[in-house]
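S.K.: The following block contains the structure, expressed as structure tokens.
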Amino acid sequence: MSDTSGKHILVPVDFSDETEPILYVAWSTAEAFGDSVTVLHVVPAEPSPADFDAGPQTVRDQAACDAKEAHEKAREFAEKLRGKGVTSRALVVQGDVPAEIIKHASRDHPRLIVMGTHGHGALYNALMGSVSEAVLRQAPCPVLFVPHRRSP
């Protein structure tokens, strides 16, 4: 894409229950500014040999199946946005989630990154890290977070 005009919005998604509210915010923002949307999903990097308890072929077959499913879901979300009048595309890549988000934002120069938070606590983030926090620290553009809403 390499759009240097900043006339698009990057929307990293993980296909959790929070994806629909994130896409709604991205859609309404894109509509207001006349921007396009890139729906980005990052598939984890190739499993290590230590993960091959079930056998390397089984693990690779499952990874291929997961990647195909991710492409289909990402295309569905992009199609929903197009159905609402917003130019959009789906992009599925493999790698480290925060690194890939930053890589695509640095390359494509979006006006904005719209992404969700899972609402984990400080202890979880300290032990496991936070994609949101990593993106916020390194993003080359503004980041809009759509908070995780817990049901009462």
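The values are calculated or read from the model by the stated rules, or taken from the named source; none is laboratory data. Predicted, not measured: the structure shown is a model, and the values here were computed from it. Neighbour counts run over all protein chains shown; Cβ positions are idealised from the backbone, glycine included.
S.K.: Of all residues in segment 1-35 being among the hydroxyl-bearing types (Ser, Thr, Tyr) and within 18 Å of Ser106 (Cβ to Cβ), which is modelled with the highest pLDDT?
M.R.: So the first thing to find is which residues in segment 1-35 are among the hydroxyl-bearing types (Ser, Thr, Tyr), and the list is 2, 4-5, 16, 19, 24, 28-29.
Next cut, within 18 Å of Ser106 (Cβ to Cβ) only: 2, 4-5.
On the way: Ser2: 44, Thr4: 41, Ser5: 56.
Ranking the candidates gives Ser5 first.
S.K.: Let me ask another. Scan segment 47-89 for residues that are farther than 19 Å from Ser28 by Cβ, modelled with pLDDT of 90 or more and of a type outside the set (D, E, K, R) and jot them down.
M.R.: Matches in segment 47-89: Ala70, His71, Ala74.
S.K.: Could you check segment 20-48 and list, in sequence order, the residues that are closer than 14 Å to Glu79 by Cα, in a helix (DSSP H, G or I) and either touching a Cys at 6+ places or on another chain (Cβ under 6 Å) or not aromatic (Phe, Trp, Tyr) (or both)? Before the answer, list the steps.
M.R.: First, the residues of segment 20-48 that are closer than 14 Å to Glu79 by Cα: 20, 23-24, 26-27, 36-40.
In the following step, the residues that additionally are in a helix (DSSP H, G or I) were identified as 20, 23-24, 26-27.
Once the filter is applied, which keeps residues that are closer than 14 Å to Glu79 by Cα, in a helix (DSSP H, G or I) and either touching a Cys at 6+ places or on another chain (Cβ under 6 Å) or not aromatic (Phe, Trp, Tyr) (or both), segment 20-48 yields Glu20, Leu23, Ala26.
S.K.: Among Ala74, Ala99, which is in a helix (DSSP H, G or I) and buried (at least 17 other Cβ atoms within 10 Å of the Cβ)? Walk me through how you get there before you give the answer.
M.R.: On the way: Ala99 fails: buried (at least 17 other Cβ atoms within 10 Å of the Cβ).
Result of the check over Ala74, Ala99: Ala74.
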